[in-house]
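The values are calculated or read from the model by the stated rules, or taken from the named source; none is laboratory data. Model, not experiment: these values are computed from the prediction. As a convention, Cβ positions derive from the backbone with ideal geometry for all residues, glycine included, and neighbour counts pool all protein chains shown. Calculation scope for accessible area: heavy atoms of the full protein, side chains included, ligands and nucleic acids excluded. Shrake-Rupley method; radii C 1.70, N 1.55, O 1.52, S 1.80 Å.
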Amino acid sequence: MGGRIEHGGNLARARALFPDAPEPWIDLSTGINPNSYPHSPLPANAFSRLPDPKDLGRLKEAAARSYGAPSAAHVAAGPGTQILLPIVARLLKNGGKAAILSPTYAEHARAARLAGYDVREVNDPERLLEADLAVTVNPNNPTGRIVPRLQLLEIAAHLSGKGRLLVVDEAFHDASESESVADAVDSGGLLVLRSFGKFYGMAGVRLGFAISHPDLVARMEDELGPWSVSGPALHIGTEALADREWRRVMRERLHRSAVRLDALFEQCGVPVAGGTSLFRFVRHAEAQRIFHALGQEGVFVRRFEDRPEELRLGLPADDQWGRVETALAKFTY
């Protein structure tokens, strides 16, 4: 029921699969920006004192402005969205039916099952209307599928009238063309998740946000308890979320990198099927051969055991493109 789920970023697994691959490994198995935010030096007491509630308030205000939430009272901050998932799943105390728009990030279904839901994975957004707890990742991981904003708001309105909840995970929204629904949470029936570490290239900071009606936010914060965000994360997050110019420039840079990676696959006769500007999605009959060709050259990408024709690839750092190009050149379709 609560078994371990395989995720990207596991280089120990990569080394076990390809023991003769050259080091250092190029890890493209996650959708994390290879260009980290250049934050200012941490305060001298960032590690030695407990996080200040006033600093948390400033972080929530910065998040509300950056993500388009109605106010800071609509924002709960935690040590990564992964930690927030089971708390979100417990917001509807009676459990019931959960519908997850799939295929997608597997931890959503796991969290719902642990909370006692009868979980169904569906492939049509209209099926979300049948659930007590409905979940969609928008844009989706790993396919990049986007459910239009109007359709999401219609689903949320329907569920709200029945005391149910739509969760929209916008973890990759910062690097996509999708329209956020974070500004619409006051109407009820809607909760939006936003990840900090992916777009800002700082997954190790462990920072994420849930945006919803203040009543739901207060319940989440009660469960999170005090000091749920570390001092270093408060400093870095507040600074980065307020930096609009860096965000604008980085979106353009990531888009160029995604186009470049698509072109490499096109040269191999493998069209890219989707994704965002933080990762690309390949669906191809030769996916496993591509996985092994790259792995033997020390380039680790994400594959899916239950969907062997699919791969997800993050973006290389500036100094990694040469090795990726060489590795892909050895694959001929």
**OP:** Apply the Karplus parameterisation 6.51 cos²θ - 1.76 cosθ + 1.60, with θ equal to phi minus 60°, to every residue of the stretch 45-51 and state each ³J(HN,Hα) to the nearest whole Hz, in sequence, with x for glycine and proline.
**Re:** 9, 4, 9, 8, 10, 5, x
Subject >> Rounded to the nearest 10 Å², the accessible area of I83 at probe 1.4 Å >> reply: 80 Å²
Original post:
What residues have an amide H closer than 5 Å to that of V119, excluding those fewer than 5 places away on the same chain, when H is modeled at 1.01 Å from N in the peptide plane?
Top reply: A98
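What's the magnitude of the charge dipole for the stretch 244-328 around its Cα centre, counting Lys and Arg as +1 and Asp and Glu as -1 at the beta-carbon? Answer in Debye, nearest 20.
Values: 15 positive and 13 negative charges, 88 e Å.
The calculated dipole for the stretch 244-328 is roughly 420 debye.
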Original post:
Placing +1 at every Lys and Arg Cβ and -1 at every Asp and Glu Cβ, with all other atoms neutral, what dipole size does the stretch 147-272 have around its Cα centre, in debye to the nearest 20?
Top reply: 260 debye
**OP:** Return the single residue from V147, V192, V137 with maximal mean-square fluctuation; model: Gaussian network over the chain, springs between Cα atoms under 10 Å.
**Re:** V147
Original post:
Around A106, which amide H atoms from residues at least 5 apart in sequence, or from another chain, sit under 5 Å from its own amide H, with H modelled in the peptide plane?
Top reply: none
**OP:** Counting only C-alpha contacts under 8 Å and six or more residues apart, can you give the relative contact order of the stretch 20-147 as a whole percent?
**Re:** 18 percent
Original post:
For the stretch 46-190, what is the largest minus smallest coordinate of the Cα atoms on each principal axis, given in angstrom and ordered from greatest to least?
Top reply: 47, 33, 31
Subject >> Per-residue ³J(HN,Hα) for the stretch 294-306, Karplus 6.51 cos²θ - 1.76 cosθ + 1.60, θ = phi - 60°, Hz, x for Gly and Pro >> reply: 5, x, 5, 9, x, 10, 9, 10, 8, 10, 10, 4, 8
Original post:
Most fluctuating residue of A16, A72, A218 in a GNM of the chain with Cα springs under 10 Å: which is it?
Top reply: A16
**OP:** Go ahead and estimate [θ] at 222 nm for the chain from helices alone: -39,500 (n - 2.57) per DSSP H run with n ≥ 4, summed, over the residue count, rounded to 500.
**Re:** -10500 deg cm²/dmol
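Over the stretch 196-333, what portion of Cα pair distances is larger than 21 Å, expressed as a whole percent? Working shown, then result.
Values: 5188 of 9453 pairs.
More than 21 Å apart: 55 percent of the Cα pairs in the stretch 196-333.
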Original post:
Anyone know which of K97, K198, K162 comes out most mobile in the 10 Å Cα GNM of the chain?
Top reply: K162
Subject >> Karplus 3J(HN,Hα) series, Hz, for the stretch 10-23 with 6.51 cos²θ - 1.76 cosθ + 1.60 (x for Gly, Pro) >> reply: 8, 6, 5, 5, 4, 5, 5, 6, 10, x, 9, 5, x, 9
Original post:
Is the shape of the stretch 122-222 best called rounded, prolate or oblate, per the rule: a/c under 1.5 gives rounded, else a/b larger than b/c gives prolate, else oblate, with a ≥ b ≥ c the square roots of the Cα gyration tensor eigenvalues?
Top reply: oblate
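Might you report the magnitude of the Cβ-based charge dipole of the chain about its Cα centre, with Lys and Arg at +1 and Asp and Glu at -1, to the nearest 20 debye? Intermediate values should be presented prior to the final figure.
Values: 39 positive and 41 negative charges, 59 e Å.
In total the dipole reaches around 280 debye.
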